[in-house]
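Visitor: Below you will find the structure I want to go over with you.
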Amino acid sequence: MITSTRRAAGVGALLAALAAGLAFPSTALADETDETRAPAPQVNLVLDVSGSMRERDIDGQSRMAAAKQAFNEVLDATPEEVRLGIRTLGADYPGDDRERGCEDTAQLYPVGPLDRTEAKTAVATLAPTGWTPIGPALLAAAGDFDGGTGADGATGSRRIVLISDGEDTCAPLDPCEVAREIAAKGIGLTIDTLGLVPNTRMRQQLSCIAEATGGTYTSIEHTDELTDRVNQLVDRAADPVVVPVAVEGADRCAGAPALTSGLYTDRQEFGQARWYRVEVAPGQEVRASVSVSADRAVAPHYGVLLRAVTASGREIVRGEAAGTGRTDVLSTGLRYPRPEAEDEDDENENENENETPETVCLQVTHSFSPASGVKTTPGLPLELTVDLVDGPSPASDVAAFGLGRGWWLLGALVLTGFVAGLLWGWVSRWRVAVWRTS
């Protein structure tokens with residue numbers, strides 16, 4: 001009896017220990033998951049509810065009815081991981097006071113976990129009302145995001161989807177300039193625009209807003225087009241993205257920010273040079289590329305130059321590209337492998353120098369010039385990619401610049417040509433001599 005009791009007690013203790021052991025790791029795992037989980041993607045739908053949305057020219061129904069139908073379908077299809085919000089413009093003030101009309105933007109549903117029923121109920125109450133304050137609505141929409149970051153400091157994707165059927169009516173606050181200001185903040189925010197039954201001026205304005213932040217513009221003529229496009233943009237927000245890190249280049253190398261491998265974004269004024277620094281260890285290779293976007297009207301001929309320079313000012317290598325107005329993005333790149341010590345004596349003599357990272361200065365310049373009457377600020381968007389990798393091994397190394405071992409081939413070709421020329425001349429003279437004697 002005593003043995004049975006002890007055995008039962010031992011089994012009970014073992015089960016308790018196993019239960020505790022299973023409970024604690026699961027809690028720790030949950031905590032670890034919470035800490036390392038990537039930030040949720042966020043989407044803010046900005047809907048034009050101005051008076052012109054009463055027009056009945058989309059599949060026999062009003063533009064407002066088409067938008068409501070599309071929103072209901074989008075809300076049903078929104079992925080669980082997406083934090084979605086809805087903001088309106090022109091939904092509340094029906095009067096003629098321009099100042100009040102240009103303040104008419106409101107958060108209909110806050111950016112956060114989606115309650116589909118509540119969001120649909122809020123959309124159902126909308127009725128076409130007032131003005132079209134696109135600029136003020138974009139400024140407010142950019143502030144609707146919670147700004148959450150992950151454990152590594154990364155931010156999730158942030159996307160504004162603007163749906164409008166007309167141009168902004170609140171100039172001089174130009175919505176295109178507002179979009180450029182948002183992009184200049186370097187917060188990784190993309191604005192996509194959709195134009196309902198657009199005219200030329202409206203298409204130009206919405207395209208400019210989208211291009212300023214790397215977004216897209218789409219013309220909409222039918223309800224199913226609106227539903228499909230908004231669904232695509234919401235789904236795209238859930239895709240993994242690399243958000244560029246905002247950095248501010250200097251006017252000289254000495255004060256330039258130090259960069260490591262990554263993707264960076266900056267703004268560059270017309271006629272301005274931007275400098276950045278990269279520390280390259282022995283045996284490493286730095287690969288850099290830069291893209292400059294013309295987000296406004298510019299003269300048709302332009303170029304971009306990326307230079308790698310030593311700290312003392314000696315140019316190492318450069319990459320350059322030119323354009324003639326056929327594209328609004330210009331890119332170029334370069335690579336510089338830093339060799340290791342070639343032999344043992346060299347290593348002993350220059351041990352400290354060979355172990356110290358070399359400062360490589362990257363200079364970006366461009367020759368874009370603004371068209372007449374175009375604002376020059378903020379500067380043009382610049383995207384810089386830096387990659388530090390292991391350089392080529394000595395056994396397979398080929399000189400990074402010039403012809404390298406290609407000189408051997410060139411020499412062989414020159415020698416072959418020289419010998420062939422001598423032989424051909426000798427044969428020609430022999431044939432002439434034979435012809436004369438005959």
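Every read-out reported here was derived from the displayed coordinates using simple, explicitly stated rules and does not represent laboratory data. Computed from a predicted structure; not experimentally measured. For neighbour counting, all protein chains shown are included, and Cβ atoms are generated from backbone atoms with ideal geometry for every residue, glycine included.
Visitor: Rounded if a/c is under 1.5, else prolate if a/b is larger than b/c, else oblate: which is the range 245-392, with a ≥ b ≥ c the root eigenvalues of its Cα gyration tensor?
Guide: prolate
Visitor: So between Asn72 and Leu423, what do we pick up on full extension, going 0.36 nm a residue minus the alpha carbon distance?
Guide: Extra length from Asn72 to Leu423 when fully extended: 117.8 nm.
Visitor: How do the peptides 203-210, 228-235, 158-165 rank, highest first, by the average count of neighbouring beta carbon atoms within 10 Å per residue?
Guide: Highest-to-lowest ranking by the protection proxy: 158-165, 203-210, 228-235.
Visitor: Each label point is 7 Å from the Cα along the Cα-to-Cβ direction; what then is the distance between the points at Lys120 and Ala171, in nm?
Guide: 4.2 nm
Visitor: Report the net charge of residues surrounding Gln363, where surrounding means a beta-carbon distance below 14 angstrom and charges are Lys +1, Arg +1, Asp -1, Glu -1.
Guide: Once all neighbours under 14 Å are counted, the net charge is +2.
Visitor: Of Ala246, Gly262, Ser367, which is farthest towards the positive pole of the range 245-392's charge dipole, taken about the Cα centre with +1 and -1 on the beta-carbons of Lys, Arg and Asp, Glu respectively?
Guide: The Cα lying farthest towards the positive end belongs to Ser367.
Visitor: Report ³J(HN,Hα) in whole Hz for each residue of the range 227-232, in order, from the Karplus equation J = 6.51 cos²θ - 1.76 cosθ + 1.60 where θ = phi - 60°; Gly and Pro get x.
Guide: Values, residue by residue: 4, 4, 5, 5, 4, 4 Hz.
Visitor: Now a separate question. How much length is gained on full extension from Ala299 to Leu263, taking 0.36 nm per residue of separation minus their Cα-Cα distance?
Guide: That works out to 10.2 nm of additional length.
Visitor: Can you list the HN-Hα couplings for the range 54-62, worked out from phi with the Karplus curve (6.51, -1.76, 1.60; θ = phi - 60°), rounded to whole Hz and with x for Gly and Pro?
Guide: Those phi angles translate into 6, 4, 9, 9, 10, 6, x, 10, 6 Hz.
Visitor: Hey, another quick one. Where both partners of a DSSP beta bridge lie in the range 42-238, what percent of those bridges are antiparallel, to the nearest 5?
Guide: Of those bridges, close to 25 percent are antiparallel.
Visitor: Same structure, new question: Please list 3J(HN,Hα) in residue order for the range 416-431, calculated via the Karplus relation 6.51 cos²θ - 1.76 cosθ + 1.60 where θ = phi - 60°; whole Hz, with x for glycine and proline.
Guide: Calculated HN-Hα couplings, in order: 4, x, 5, 5, 4, x, 4, 4, 5, x, 5, 4, 5, 5, 5, 5 Hz.
Visitor: Using R₀ = 56 Å, calculate the FRET efficiency as 1/(1 + (r/R₀)^6) where r is the Cβ-Cβ separation of Ser369 and Glu81; round to 0.05.
Guide: For R0 = 56 Å, the calculated efficiency reads 0.80.
Visitor: For Asp235, project a label point 7 Å along Cα to C-beta. Then give me every residue of the range 63-79 with its amide nitrogen under 17 Å of that point.
Guide: 70-79
Visitor: Tell me which residues come under 5 Å, amide H to amide H, from Leu108 once H is placed; ignore anything under 5 positions away on its chain.
Guide: Correct list: Ile86, Arg87, Thr88.
Visitor: Still on this structure, I have one more. Sequence neighbours fewer than 8 away in the same chain don't count; with that in mind, list the lysines whose C-alpha is under 30 Å from Lys375.
Guide: By straight Cα distance, Lys375 reaches Lys185.
Visitor: What translational diffusion coefficient, to the nearest whole µm²/s, does the range 42-238 have by Stokes-Einstein, given a Kirkwood radius computed over alpha-carbon pairs, a temperature of 4 °C and 1.567 mPa s viscosity?
Guide: 78 µm²/s
Visitor: Report, ordered by chain and residue number, the lysines lying within cross-link reach of Lys120, taken as a straight Cα distance under 19 Å and ignoring same-chain residues fewer than 8 apart.
Guide: Within reach: Lys68.
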